[in-house]
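Q: To start, I am sharing the structure in question, which I have written as structure tokens.
The values are calculated or read from the model by the stated rules, or taken from the named source; none is laboratory data. Here the structure is a predicted model, which is why all the values come from computation and not from measurement. Cβ placement follows ideal geometry from the backbone for every residue including glycine, while neighbour counts extend to all protein chains displayed.
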Amino acid sequence: MAGRMAPPVRTDGMLPAALAVICVALAFVGIMFGVRVERAEADQARRAAALDTAKAAAVYLTTVDYRHLDQNSGRLLAMSVGQFKDSYAARLKQVETLISSSRSSSQGTVLEAGIVSVSPKAARVFVAANSRTTSATNLSGSIQHYRMQLDLQRADGRWLVSDVAFVS
């Protein structure tokens, strides 16, 4: 019995089956990798759009011109939502009267901005901005420094300002 060999094992269908399993596993890994890349790209695009919106809003908040009052206020209203929009609109006439009577103008500039948090529906951004202001009584102008926390909501495919808080 020591000289007998074991009967050969048939592997006719095993190689194609193993190759099929390997192909399915590689396809699964490729799909999962693609999903992760797609999610990362969507998150990056969401963050960039929120940051751009917050920067624009900060400029509109810190830029006024008594000769063109409707321009910036209209832009800011168009990119606002909810209680912030209602509150801003309610105070607008009073602020415009003050700006007109003092013949004020200012130019806002964003110095730095950073995302605090972002999700598909909401974002919070901190913005540091300066505003150079002149008026009929201060022709040489002065510079104000602002730090703002802007809360954004995603609606109708775009980011809208839902709250602004000036922070120290």
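Q: May I ask you to verify whether Val95 is within 30 Å of Glu112 (Cβ to Cβ) and at pLDDT 75 or above?
A: yes
Q: Return only the number of the condition from (1) assigned to a strand (DSSP E or B); (2) within 21 Å of His68 (Cβ to Cβ); (3) under 20 Å from the mean Cα position of the chain (by Cα) that Lys85 does not satisfy.
A: Of everything listed in (1) assigned to a strand (DSSP E or B); (2) within 21 Å of His68 (Cβ to Cβ); (3) under 20 Å from the mean Cα position of the chain (by Cα), Lys85 misses just condition (1).
Q: Now for a separate question. Quick check on my filter: what residues within the range 146-167 are of a type in the set (A, V, I, L, M, F, W, C), under 11 Å from Ala122 (Cβ atoms) and surrounded by 15 or more Cβ atoms within 10 Å (Cβ to Cβ)?
A: Result: Leu152, Trp159, Leu160.
Q: To continue, here is another question. In the range 117-153, what residues are among the aliphatic types (A, V, I, L, M) and part of a strand (DSSP E or B)?
A: Val118, Ala122, Ala123, Val125, Val127, Ala128, Ala129, Leu139, Ile143, Met148, Leu150, Leu152
Q: Here is a list: Arg147, Arg132, Arg154, Arg103. Which entry is modelled with pLDDT of 95 or more and farther than 22 Å from Ala50 by Cα?
A: Being modelled with pLDDT of 95 or more and farther than 22 Å from Ala50 by Cα holds for just one of Arg147, Arg132, Arg154, Arg103, which is Arg132.
Q: Which members of the range 131-141 meet the condition of being under 20 Å from Val167 (Cα atoms) and either among the charged types (D, E, K, R) or surrounded by fewer than 16 Cβ atoms within 10 Å (Cβ to Cβ) (or both)?
A: Arg132
Q: Are any residues in the range 54-72 more than 21 Å from His145 (Cα to Cα) and either at pLDDT 95 or above or assigned to a helix (DSSP H, G or I) (or both), and if so, which ones?
A: Listed by number, the residues that qualify are Leu69, Asp70, Gln71.
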